[in-house]
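Student: Before anything else, here's the structure in question.
The values are calculated or read from the model by the stated rules, or taken from the named source; none is laboratory data. Nothing here was measured: the structure is a model prediction, and the numbers come from that model. No Cβ is skipped: glycine too gets one built from the backbone with ideal geometry, and neighbour counts run over all protein chains shown. With ligands, DNA and RNA removed, areas are computed over all heavy atoms of the protein, side chains included. Shrake-Rupley method; radii C 1.70, N 1.55, O 1.52, S 1.80 Å.
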Amino acid sequence: MSDQEQEIVRLTQIDNYRFDNRFEGGDYRLLTDEPAPLGDNSGPSPAQLLVAAAANCLCASLLFSSRKYHLDVAPLSCEAVATVSRNERKRLRVTRIDVTLQCGKPLQGQPNLERLLGSFEDFAPCRRASARASPSR
């Protein structure tokens, strides 16, 4: 793996604010849309995708780290909450994403738990760009 990679997504407008998203390197598509009154709410909005991406990234990082330190956290779940507010120019922005991770098994007292908690966010590629995580259980 090189030190730098690119992830490519191509969007094509279907109608109004609805877009077909195609991801290079995979045979899958995603329909996105804006909520009313701009769009028809026929798919996740860009803000929802941002929140989902941050949450998924942190879950995957916790899973990776737990396997590295031989801790069983499955099944993982999480809840991500975005704060959307207006900036000084009155434009809507995602200003904060809080992610609460829930492990499927109790981890208190497990060896390597402190190492896991101290390092799992370092493995998350999107961490600095997006979210703050709160591990639970």
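Student: Mind checking which residues of the range 47-62 are open to solvent by 60 Å² or more (accessible area, probe 1.4 Å) and either under 8 Å from the mean Cα position of the chain (by Cα) or modelled with pLDDT under 95 (or both)?
Tutor: First, pick out the residues of the range 47-62 that are open to solvent by 60 Å² or more (accessible area, probe 1.4 Å): 48, 50, 56.
Result: L50, N56.
Student: Hey, another quick one. Which of the numbered conditions does R67 fail, given that it passes all the others? Conditions: (1) in contact with a Leu (Cβ under 9 Å, 6 or more places away or on another chain); (2) open to solvent by 80 Å² or more (accessible area, probe 1.4 Å).
Tutor: The failed condition is (1).
Student: Go through the range 83-101 residue by residue and tally those that are in contact with a Leu (Cβ under 7 Å, 6 or more places away or on another chain), without any contact (Cβ under 8 Å) to a residue 40 or more places away in the chain and surrounded by 11 or more Cβ atoms within 10 Å (Cβ to Cβ).
Tutor: Taking the range 83-101 first, the residues in contact with a Leu (Cβ under 7 Å, 6 or more places away or on another chain) are 84, 86, 94, 99, 101.
Add one more test, that the residue is without any contact (Cβ under 8 Å) to a residue 40 or more places away in the chain, and what stays is 84, 86.
This time we only want the ones that are surrounded by 11 or more Cβ atoms within 10 Å (Cβ to Cβ), so: 84.
The qualifying residues number 1.
Student: Counting only residues that are among the hydrophobic types (A, V, I, L, M, F, W, C) and farther than 14 Å from P44 by Cβ, which one in the range 7-22 is most open to solvent (accessible area, probe 1.4 Å)?
Tutor: We begin by selecting, within the range 7-22, every residue among the hydrophobic types (A, V, I, L, M, F, W, C); these are 8-9, 11, 14, 19.
If we keep only those that are farther than 14 Å from P44 by Cβ too, we end up with 8, 14.
Details: I8: 56, I14: 92 Å².
Per the stated criteria, the residue is I14.
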